[in-house]
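One structure is given below, encoded as structure tokens.
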Amino acid sequence: MPNPKFFILTATLDRADRLSQAIASVKAQGYPNWELFVLDDGSSDDTPAILARESKDERVHGFRFPQSRGVNAARNHLLEKILGRDEAGFLMILDDDDLLTEEALANFAEEIARRPDARWLVAGCQDQYGRSLTRLADTKPVCYLRDHKFANRLKGEMTHAIDLSLIGDTRYTDRFRNSEEWFFFG
């Protein structure tokens, strides 16, 4: 897939200051083929104003629940919006307190070009000081469940790019208001 499109999903609640930084990190990408979908889960801070301002960029799509329904409902709502577009591309989940490095999407796009059969890619994360938050014992291909959830080979924070065709009708569980991705990935 030359020049793959990235659909970035962010759910937020009362974190206007952090959300602004997360959105800025996406808008700073040198790689241009992306869209950001943000859902405000009933915030009482300045989040609605930030989304109104940021949504002036046609690549940023803001949505709002009037009352909090939890991050899982927010992510599922955004998944429906993204999948409803019926476009090919890759899903990325960016938490409202995380940032993308300026070359993150370009690096994913380069790897997709090198490995056109790749449908799920994982990249390491860094903190704001450049320290790695991901620990990988070796550089062999990894399996999320085998090497991360059930083993010690891959640890820490990771960024995922998932081919939209893999998602199908998979959604976050509604049994919990808040859960990590492993409920979705499992």
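The values are calculated or read from the model by the stated rules, or taken from the named source; none is laboratory data. All figures in this text were calculated on a predicted structure; none of them were measured in a lab. What goes into the accessible areas is simple: the full protein's heavy atoms, side chains included, and nothing from ligands, DNA or RNA. Shrake-Rupley method; radii C 1.70, N 1.55, O 1.52, S 1.80 Å.
Structure summary
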{"item": "Rg [Å, one decimal], Dmax [Å, integer] - region 61-102, C-alpha atoms", "result": "12.0, 33"}
{"item": "For region 1-67, accessible area per residue (1.4 Å probe, heavy atoms of protein chains only), Å²", "result": "46"}
{"item": "Ranked order, Phe63, Phe6 - accessible area, probe 1.4 Å, largest first", "result": "Phe63, Phe6"}
{"item": "Pairs of alpha carbons in region 20-94 whose separation is greater than 15 Å (percent)", "result": "57"}
{"item": "Region 24-132 - percent relative contact order, Cα under 8 Å, separation 6 or more", "result": "32"}
{"item": "Region 2-52, accessible surface, carbon-and-sulfur percent (1.4 angstrom probe)", "result": "50"}
